[in-house]
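To start, the structure itself, in structure tokens.
The values are calculated or read from the model by the stated rules, or taken from the named source; none is laboratory data. Just so it is clear, the model here is predicted, and its values are computed rather than measured. Glycine gets a Cβ as well: all are built from the backbone with ideal geometry, and neighbour counts include every protein chain shown. When the accessible area is computed, the model is the full protein with side chains, heavy atoms only, and any ligands, DNA or RNA have been set aside. Shrake-Rupley method; radii C 1.70, N 1.55, O 1.52, S 1.80 Å.
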Number of protein chains: 2
Amino acid sequence: MTVDKAALLEARGIKPSAQRVAIADYVLHTDEHPSADEVWARVKRVFPMVSRATVYNTLNLFVAKGLLRHLVLTEGRLVFDSNVDQHHHFIDEETGKIYDLPWDTLEVSRVEQLKGFEVRDYQVLVRGRKRPTRGAR
Amino acid sequence: MTVDKAALLEARGIKPSAQRVAIADYVLHTDEHPSADEVWARVKRVFPMVSRATVYNTLNLFVAKGLLRHLVLTEGRLVFDSNVDQHHHFIDEETGKIYDLPWDTLEVSRVEQLKGFEVRDYQVLVRGRKRPTRGAR
DNA sequence: TCTAATTTTAGACTATGTCTAAGAGGTGAC
DNA sequence: GTCACCTCTTAGACATAGTCTAAAATTAGA
């Protein structure tokens, strides 16, 4: 897996240093929508020497290179999403957890007809409560 | 106008102190989507002694009482919206400005059919560039 | 007017993110 | 292999946004 990651980074013109690969190994996989400090905490488990600045720099680099998206959906938390395809989001108001909603579960009409706005991107932001799923988590 | 505001606050069970009325006079009117510090700067023009804590407390109180909504749409900025009716938002990616989109300019289908989620609220978040409007601002 | 409750204030504190300067590491030329 | 150069990483300082606290000021009621 780590080898794949090095190749993946190089394909985007990113030198695959040990730190960057360790960060990629976690953040490009997860659907947890972690904040930068959560990524830092996680990566330190396998790479205790890694510095906070490196994690922040690397995450911003991944965003610039299209490997990640960053989202600002809840208070004081910039969060990273390894799903770079277009999709919507659901926010659980009790837990703060963010869930991806596949693009075609919802449909938005008339976006292209917005007068006076050049639309580059859009998503639906849904808030509420996730229902407990039998068995799962 | 200030008189109306005092009555408006009392109707929501908020004691209309001079500070609170001064804050209400600005923030319940504007469509600028100001941050808390922008409200503070503005209110200080007419009420130089007002403290930062009071502005923050008052804004949070107004949100709790349903006079304002707060939005977290762009990085590091919690922003207040005097439009408490359901509506969508457009964010200009160059300027960071936020524009309200009336509820019925867009239509979202299948929200109520989301499996496993109890929906309390939703909106469409559109990003792009506002086209210059002849004459206006 | 006196008392009690509420509100405001200044500043300390916390959390999140950025910047900087110095050092470490890798790579190519020789 | 060694040197020089360039990039990356590091620790900590800094910046910004928001919350908390304790004391002072204000308000309302008896």
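Rounded to the nearest 10 degrees, the inclination of helix B:18-27 to the longest alpha-carbon principal axis of chain B is 30 degrees.
With a 1.4 Å probe and all protein chains left in place, how much accessible area per residue does the range B:27-67 have, in Å²? Walk me through the intermediate numbers first.
Working: 2240 Å² over 41 residues.
Accessible area per residue: 55 Å².
In the range B:59-137, the convex hull through the Cα atoms has an average projected area of 7.3 nm², a quarter of its surface area. Distances between copies of A:G66, taken at a point 7 Å out from Cα along the Cα→Cβ vector and listed shortest first: 4.7 nm. Beta-bridge orientation, chain B: approximately 75 percent antiparallel, per DSSP, counting only bridges with both partners inside.
Accessible surface for the range B:82-137, divided over its residues, is 60 Å² per residue with a 1.4 Å probe. For chain A, the longest principal axis of the Cα atoms and the long axis of helix A:52-64 meet at an angle of about 50 degrees.
Quickly estimate the mean residue ellipticity at 222 nm for the protein assembly as shown, helices only: each DSSP H run with n ≥ 4 gives -39500 (n - 2.57), and the total goes over all residues, rounded to 500. Write out the running numbers ahead of the final one.
Details: 8 runs with 88 residues, N = 274.
Calculated mean residue ellipticity at 222 nm is -9500 deg cm²/dmol.
Once C-alpha pairs closer than 8 Å and six or more residues apart are averaged by separation and normalised to the residue number of the range A:2-80, the relative contact order reads 27 percent. Shortest first, B:R52 label-point distances to identical copies amount to 1.9 nm, with the label point at 7 Å from Cα along Cα→Cβ.
Share of antiparallel DSSP beta bridges in the range A:85-128, in percent to the nearest 5? Please report the intermediate quantities before stating the final value.
On the way: 5 of 9 bridges.
Percent antiparallel among DSSP bridges in the range A:85-128 is about 55.
Shielding by partners for peptide A:102-112, expressed as the average number of C-beta atoms from other protein chains within 10 Å of each residue's C-beta, is 4. Given an 8 Å cut-off on Cα distances and at least 6 residues of separation, report the relative contact order of chain A as a percent. Contact order relative to length: 18 percent. Computed from Cα positions, the angle between helix A:2-11 and the longest principal axis of chain A comes to roughly 70 degrees.
For the range B:85-128, what is the relative contact order in percent, using Cα pairs closer than 8 Å and at least 6 residues apart in sequence? Kindly include the intermediate steps, with their values, before the conclusion.
Numbers: 44 pairs, mean separation 22.8, N = 44.
Answer for the range B:85-128 is 52 percent.
Other residues whose C-beta falls under 10 angstrom from the C-beta of B:T95 contribute a net charge of 0, scoring Lys and Arg +1 and Asp and Glu -1.
Buried area at the A:B interface is about 3400 square angstrom, summed over both chains, from accessible surfaces computed with a 1.4 angstrom probe. Under 5 Å between amide hydrogens, built in the peptide plane, is the criterion, and for A:L101 it picks out A:H88, A:H89, A:F90 among residues at least 5 positions away or on other chains. Maximal additional length on extending the A:T30-A:D4 stretch stands at 7.8 nm, based on 0.36 nm per residue less the C-alpha distance.
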